[in-house]
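The values are calculated or read from the model by the stated rules, or taken from the named source; none is laboratory data. Everything quoted here is computed from the prediction, not taken from an experiment. Quick reminder, even Gly has a Cβ in these numbers, built from the backbone with ideal geometry, and neighbours come from all protein chains shown. The area values use the complete protein model at the heavy-atom level, side chains included, leaving out ligands, DNA and RNA. Shrake-Rupley method; radii C 1.70, N 1.55, O 1.52, S 1.80 Å.
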Amino acid sequence: MQTIRWEVMIVCLLLVQLSTAQNTLGLLSYDFSESVGGYTLIYPDRQSTTYLLDECGQVVHRWEDDAIARPGPVAYLLPDGRLLRAKLFGPLFTEPSFGAGGAGGVIELVSWDNEVEWTYVVADTFQRQHHDVHYMPNGNILILAYDRYFTEDIVRNGFDTVSYSQRALWSEKVMEVDPLTDSIVWEWRLWDHLVQDYDSTQLNYGVVAESPGKVNINYQEYTFTRDDWIHANSLDYNEELDQIMISARNMNEIWIIDHSTTTAEAATSNGGNSGRGGELLWRWGSPHAYDQGTLDEQLLFSSHDAQWIDDFVDLGYEYYGQVAIFNNFIDYVPVDGRSYGQIISPVWDEETQSYAMANDRFLPTDFSETIVHPDTAKNFSTAASSIQIIEDGHVIMTAGRQGRTFELDETGEVVWEYLTPLRNGQAMPQGLTLNLSDNFTFRSSRYPRDYAAFTDRDLTPQGYLETNPNEAFCSVVTTAEVPGTANFRVFPNPTADAFFVDVPVGYPATQLRIFDQLGRLQRELAVSGPSRVVIDGLAPGLYLLRMAADGRVVRLIVR
């Protein structure tokens, strides 16, 4: 009877690719045989909790916060299991602050058990953390912040107060903070790298077209004036190059700067690995921004989440080390617009420590790849949104205003799709249809099942975010049938042939059993910890590896 019961559970686990019409929110589809699997981290707007979801859309962990806190707007799961989050929380602001969309002001490190270990505030009259933060390999935190300047400063730096109505500008800066000392150990300010051709009696006067490493203080592509001049919305760091990437939304560009400088050098045009101080090493998306093209040649439109493709990606992936971005507003049409995920391949010259140009423009001339949901309307978002390349070319994208996160395989087919089931931060019942922006979700991140943060963690499903969930939609092996969670490691997963099973210290002698998708036993071998077992020769398909001692299970895909 127990054997039959186990085989039935396996079959139930495999019957998860059901009609998407059955669910209107939460999990919409899941192709277990093609998805890379793993856990998805979301930090939806207008509420204060960060959620970690399994493939079925069940919450396996959550980091709660004060009820009045709001996302600022990102959160990241670190390899040690801590959460790095930015948030909006006025009670911590000791001085009058300001901000636009994406403004936070508070950065925190929170333990797996939801204990706040570190808090840092960047929110006053002159500065405000916004949109993004980044955890560096050395343990420091990069912070993207507004850098505010008033009338006297902007006029002295060549701002055209005749053509534009602003009497203050919010520039951008990047701060590197050491959480152990709360000290700023490095800083870069855009304000140190301006050019203008408006007023020869003021600072920064020069020829814009001959100054691609500087930003024209009078360049504004949007049609309405506002103090939020650049509206940068993402940060990334490349340890190998020691460079920082910034998405400059209102300029419709991506910027790369040199982090190898000192703070003093970052304020000049000299120093660092590239010898250019804090000037822009590379900029891409709208050559018109530095007088090297027309608006008709623009390629980026209000984009988000620019990043190097180097996290959780196979080294053999063809675009490893290149740049991915969510290109939001390719058609300036409020309905039936287009948003794409796109890949850009900058040309880096190691010998000269510079990015290549042709005809006074930074290369390349076009995108290397365009990625989009088969139903292009489901990819569209006028704001927010994210893209992540994982493993051998699977793509995780979030269309922010739709609250829609989906996974595409290498062929562009949807293999997992989820709609954040919240309206203004409140859980909604399955079957309800949400309106645009009800469930605004700025970004999502996928973490593989073997990510270090999950080692020895309890990832038992805790239920769904939505109310009245359709629990039959994605049947899972519950803890009632299989006690505990997997604490042995299987890698690589997916695999093309051979794979390893790491059995940890203290694991009792037991039988490792491998079942195919029909519940048939394929292999059985004795194991105990600590040990590493190599297994090969399995035909392509889905398998479940089960430890007989305690019923712990891991899913394996052989391609």
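Identify, from the list Arg443, Arg449, the residue that is open to solvent by 10 Å² or more (accessible area, probe 1.4 Å), touching a residue at least 60 places away in the same chain (Cβ under 8 Å) and under 26 Å from Asn487 (Cα atoms).
Arg449
Residues that are surrounded by fewer than 17 Cβ atoms within 10 Å (Cβ to Cβ): list the strands (runs of 3 or more DSSP E) wholly contained in region 490-559 that include at least 1 such residues.
Hits in region 490-559: 499-503, 510-515, 521-527, 531-535, 541-547.
Please go through region 71-100 and pick out each residue that is open to solvent by less than 50 Å² (accessible area, probe 1.4 Å) and more than 17 Å from Tyr51 (Cα to Cα).
Phe89, Gly90, Phe93, Ser97, Phe98, Gly99, Ala100
If you scan region 179-214, which residues turn out to be charged (D, E, K, R) and either surrounded by 15 or more Cβ atoms within 10 Å (Cβ to Cβ) or under 18 Å from Gly278 (Cα atoms) (or both)?
Matches in region 179-214: Glu187, Arg189, Asp192, Asp197, Asp199, Glu210, Lys214.
Assuming Leu315 fulfils every condition listed in (1) on the phi > 0 side of the Ramachandran plot; (2) without any contact (Cβ under 8 Å) to a residue 12 or more places away in the chain apart from one, which condition is it?
Just one mismatch for Leu315, condition (1).
What is the one condition in (1) in a loop (DSSP other than H, G, I, E, B); (2) under 25 Å from Ile309 (Cβ atoms); (3) touching a residue at least 40 places away in the same chain (Cβ under 8 Å); (4) within 28 Å of the chain's Cα centre (by Cα) that Arg226 does not satisfy?
(2)
Hey, can you tell me all the residues within region 524-544 that are in contact (Cβ under 8 Å) with a residue 60 or more places away in the chain and under 18 Å from Asp502 (Cα atoms)?
Selection gives Leu544 alone.
Taking strands (runs of 3 or more DSSP E) that fall entirely within region 281-373, which contain at least 1 residues that are among the hydroxyl-bearing types (Ser, Thr, Tyr) and surrounded by fewer than 19 Cβ atoms within 10 Å (Cβ to Cβ)?
369-371
Does region 390-415 hold any residues that are in contact (Cβ under 8 Å) with a residue 24 or more places away in the chain and either in a loop (DSSP other than H, G, I, E, B) or open to solvent by 10 Å² or more (accessible area, probe 1.4 Å) (or both), and which are they?
Within region 390-415, Glu391, Asp392, Gly393, Arg401, Gln402, Gly403, Arg404, Asp409, Gly412, Glu413, Val414 meet the criteria.
May I ask you to list the residues in region 58-70 that are open to solvent by 40 Å² or more (accessible area, probe 1.4 Å), assigned to a loop (DSSP other than H, G, I, E, B) and over 23 Å from Arg446 (Cβ atoms)?
Asp66, Ala67, Ile68
Could you check region 148-191 and list, in sequence order, the residues that are free of Cβ contacts under 8 Å to residues at least 40 places away in the same chain, closer than 18 Å to Ile230 by Cα and not in a loop (DSSP other than H, G, I, E, B)?
Phe150, Thr151, Asp153
Would you point out the residue of region 243-260, among those that are more than 27 Å from Arg226 (Cβ to Cβ) and without any contact (Cβ under 8 Å) to a residue 40 or more places away in the chain, that is surrounded by the most Cβ atoms within 10 Å (Cβ to Cβ)?
Restricting to residues being more than 27 Å from Arg226 (Cβ to Cβ) and without any contact (Cβ under 8 Å) to a residue 40 or more places away in the chain, the top hit is Asp258.
Select from region 374-389 the residues that are surrounded by fewer than 17 Cβ atoms within 10 Å (Cβ to Cβ) and either touching a strand residue (DSSP E or B) at 6+ places or on another chain (Cβ under 7 Å) or acidic (Asp, Glu) (or both) and list them in ascending order.
Scanning region 374-389 gives Pro374, Asp375.
Is it fair to say Leu434 is crowded, with 16+ Cβ neighbours inside 10 Å and within 25 Å of Leu84 (Cα to Cα)?
no
Given the options Glu221, Glu240, name the one that is under 23 Å from the mean Cα position of the chain (by Cα) and surrounded by fewer than 18 Cβ atoms within 10 Å (Cβ to Cβ).
It is Glu240.
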